[in-house]
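Scroll down for the structure; my scribbles are underneath it.
The values are calculated or read from the model by the stated rules, or taken from the named source; none is laboratory data. All of these numbers come straight from a predicted model, not from anything done at the bench. Cβ placement follows ideal geometry from the backbone for every residue including glycine, while neighbour counts extend to all protein chains displayed. Heads up: the accessible areas ignore ligands, DNA and RNA and are worked out on the full protein's heavy atoms, side chains in. Shrake-Rupley method; radii C 1.70, N 1.55, O 1.52, S 1.80 Å.
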Amino acid sequence: MEVVELLGGFVDESDPDVDFPNVYHAYQTAEGLRKMFPDLDWLHLTGFIHDLGKVMSIWGEPQWSTVGDTFVVGCEFAPSIVYSETTFKDNPDLNNSKYNTKYGIYEANCGMNNLMMSWGHDEYMYQVLKNHGSTIPDIGLNCIRFHSFYPWHTGGDYDHLCTDVDRTMKDWVTKFNQHDLYTKSTVLPDPEKLKPYYESLIAKYIPGKVKW
């Protein structure tokens, strides 16, 4: 909960829809999921903590390196990656035959768990939770890991690397993102009122001291 409160002064510069601290977005996302899926308390928690990886910016990392969309590295850059034509023009992977093909270092339908993702707040938070031994179900962990992977769940790219399990997971990520995107509102929740519920979920699914 201490890290959640650190985001009380953090505004994501890459998000055109909000100009208020990220801590409110955490509660808005979580409460949207809580309303839609009242019996899935682990999903409420997933919504609450999904952006906590942005704390890297509080600790000194520039926002461009921690926020924004993610993509697969080790194969050709998907056409739906935003600003791909200008962002990657000096990237040596474009001219490396090991990385610039459709499959690159991967095999067909190798599965999402075998892909190397670009670094950002999603991947960081996912790895923190895995390292800690969180008991959040895999669906929740993957919603955290892939919620900014827009070239996949919105752009339709990378399906050739997916398994049927991944495609089912994609449905969950899409449902999750509806609450990540569309619960943003200038009507801000009351953190003090909601805090006890989410503290109880943290104690249930992420007990003990987390190594960040």
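Worth pointing out:
- Long pairs among K98/K211; K89/K211; K54/K193, criterion Cα-Cα beyond 28 Å: K98/K211; K89/K211
- Taking other residues whose beta carbon is less than 14 angstrom from the beta carbon of I81, and scoring Lys, Arg as +1 and Asp, Glu as -1, yields -4.
- The magnitude of the dipole of the chain, with charges of +1 and -1 set on the Cβ of Lys/Arg and Asp/Glu and taken from the Cα centre, is near 480 debye.
- Cβ-based net charge around W42, under 13 Å, with every Lys or Arg adding one and every Asp or Glu removing one: -1
- With the gyration tensor restricted to C-alpha atoms of the chain, the semi-axes of the equivalent ellipsoid amount to 30, 19, 16 Å, longest first.
- Prolate/oblate/rounded label for segment 133-212 (Cα gyration tensor, a/c 1.5): oblate
- Sequence-distant contacts, meaning Cα pairs under 8 Å at least 6 residues apart, place the relative contact order of the chain at 26 percent.
- Portion, in percent, of the accessible area of the chain that falls on carbon or sulfur, probe 1.4 Å: 53
- Here segment 1-105 is treated as a sphere whose radius is the Kirkwood value from Cα pairs; by Stokes-Einstein at 37 °C and 0.692 mPa s it diffuses with a coefficient of 204 µm²/s.
- Annotation: per residue accessible area for the chain equals 51 Å², rounded to a whole number [probe 1.4 Å, protein chains only].
- Residues I58 and N91, FRET efficiency given R0 of 30 Å [Cβ-Cβ distance, rounded to 0.05]: 0.60
- Each label was represented as a point 7 Å from its Cα along the Cα-to-Cβ direction; for N113 and K204 these points are 2.5 nm apart.
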